[in-house]
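Everything on this sheet refers to the single structure shown next.
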Amino acid sequence: MADDEDFPSSSDVEEPEVGDCYLSDHEDDIAENVLQDLEDGRQEDCNWSVTSVITKESLLAAQKEDLRKIMELLALSEQHARTLLIHYRWDVERIFELLEEKGKDRLFSEAGLTMSENKVIVLSSYSDPFTCSICFEDVSPVAITEMDCGHCYCNNCWTGYFIVKINDGQSRRIRCMTPRCNAVCDEAVVRSLVNARHPDIADRFERFLLESYIEDNNKVKWCPSVPHCGNAIRVLGDIYCEVECTCGMQFCFNCLSEAHSPCSCIMWEQWTKKCHDESETVNWITVNTKPCPKCHKLVEKNGGCNLVACICGQAFCWLCGGATGRDHTWSTITGHSCGRFKEDQTKLIECARRDLYRYMHYHNRYKAHTDSLKQESNLKETIQGKIVISENKESRIKDYSWVNNGLNRLFRSRRVLSYSYPFAFYMFGDELFKDEMTSQERDLKQNLFEDQQQQLESNVEKLSMFLEKDFQDFSDEDVMENMKHVINLSSVIDRLCKQMYQCIENDLLYPLQRATHNIAPYKSKGPEKASELSVCWVSNQARSTKTTKMDVLPNHISAVNASGTTLSAKRTRQFHAASSSDESGSSRKLSKNESIGSAPLFDLNMPAEVIDKS
């Protein structure tokens, strides 16, 4: 692969002989590459999201690295640094920003840290029994524990309180028992007291603290594979991206559902709900049935006469739903007339019918391309057999990598085409953007998008046709001709996909004022394959001399941005502060172009069926 140097394979974790551990300089290299690309104006070459897989072996090392940064900067113990990081969701850069903005005292206070050098009560100086204010038992001073906040109770009360909190899943931030005290209890004290009575609960407490790096971290999420592979994915940069775990699972990092670009997470959530619930069944019932005026059961007309009868025996008029008698002629029903026009009821039925037909239009095409993708995934083994036959026969052509490249391009573009229909359903409908566009603007943008969608669809079908040909039986001239078509179509399809994404981001989502919809950027090679987190072990002395360039990355990016690049403020914020709670800005405004003249070998978003078989 062309990107193997940028994303190295994992290195085995070895037991350290001395000192501590730190993460490799891979992140620093990525930071320098991004800065250089920005300065050179090559925004399309920037890696907006750097992904890595955190395994059980590297989880502790990843946590230790963030702890080390806070411990060295603020001169804190490990437990206090962990408390601070958990409160700010393991966002080291955010802590650095707040330190300058609020100061150390306020930063600690909001996180529940009480840094008191002198204890309020010196327990060792007391020889008389101490009365616990929780259980009101007189206990020896050695059986009393005082927290950093100065509140002290007997060990039995503390232990029982800690066990309840751990069993309730609140072990990562156990606060003091004293009412209105927000101080977080020292984890070393919690560990010691609980371990003396229930070692198994103490082990669970340790595991919760370790997993807090994932559970409380906006930049790290568990892989959603079933059964679970045990890995977590960490993303540095833009969290609106699609990633691939080492287990083969491809998913949207933001919402943890299947990779669904160019749909936004909100669109995909509503689409899957719409496809699985009974909303369209209700629409069909509204259009094709009427309630009986007596028993209120739904009745479907199975004949041409507008006088219908329910199974309860009640006759009623199909046109208006009013109860009638059974006497009627070809044109009238005795004692009944409903010839007056009722606009409200007619509009309701017509709207339901129109919405149903519109949904069926987009769903049928989405389903058709999804089914085509499943069928085309079976081409993998068939084409490999054709390649083996072609390579073994007497021919001047021995390189058939263009076939695999074309097949991978077909898989990737078919996915994009499939998900473009749910996107169009919501983009040009009234569910999400009713007041965002006028009817004229909506029609203009819809025609623009559908023209690009149609071009992509036409070329994808042509590529599928050429790949299905039995090229192993062709002459050399015919193979060359087929190869030319596959290579050209692969290039054209890649370009059309990029143009579609640019249209979606710049022309459709960018002008939105009331809604924020972010989509994962288009990647010619499919969702980025996360590399396993590389862990290195060095001595404490060597570690102290290591500098982390990633800490200064946001400032550099801001400076470069101010110097004249077209990088949007929203995009810059997402790059260096993706975990910030302030994400209310407009949608991504930058077109994430990628070089059309990139390496010809593609490692694309292949279907799960293909991955399982390969």
- Message: Given (1) at pLDDT below 50; (2) surrounded by 14 or more Cβ atoms within 10 Å (Cβ to Cβ), identify the lone condition not met by Ser49.
- Response: (1)
- If we ask which residues in region 421-460 are closer than 30 Å to Ile487 by Cβ, open to solvent by less than 80 Å² (accessible area, probe 1.4 Å) and not small (Gly, Ala, Ser), their number turns out to be 11
- Within region 307-321, restricting attention to residues that are under 53 Å from the mean Cα position of the chain (by Cα) and more than 13 Å from Cys295 (Cα to Cα), which residue is modelled with the highest pLDDT? Val308
- Could you please give the count of residues in region 85-101 that are open to solvent by less than 60 Å² (accessible area, probe 1.4 Å) and out of contact with any Phe, Trp or Tyr (no Cβ under 7 Å at 6 or more places or on another chain)? 9
- Query: Before we move on, is Leu193 outside any strand (DSSP E or B), open to solvent by 20 Å² or more (accessible area, probe 1.4 Å) and touching a residue at least 24 places away in the same chain (Cβ under 8 Å)?
  - Reply: yes
- Item | Count - residues of region 68-94 that are more than 14 Å from Leu113 (Cα to Cα), in a helix (DSSP H, G or I) and within 26 Å of the chain's Cα centre (by Cα) | 3
- Item | Answer from Val243, Val226 - the residue that is modelled with pLDDT of 90 or more and outside the structural domain of Arg89 (by TED's automatic domain parsing) | Val243
- Query: Looking at region 212-236, which of its residues are out of contact with any strand residue (DSSP E or B) (no Cβ under 9 Å at 6 or more places or on another chain) and assigned to a helix (DSSP H, G or I)?
  - Reply: Ser212
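The values are calculated or read from the model by the stated rules, or taken from the named source; none is laboratory data. In this text the structure is predicted, and so the values were computed from the model without any measurement. Every residue, glycine among them, receives a Cβ derived from its backbone with ideal geometry; neighbour counts consider all protein chains shown. Just so you know, the surface numbers come from the protein's heavy atoms only, side chains and all, with ligands and any DNA or RNA stripped out. Shrake-Rupley method; radii C 1.70, N 1.55, O 1.52, S 1.80 Å.
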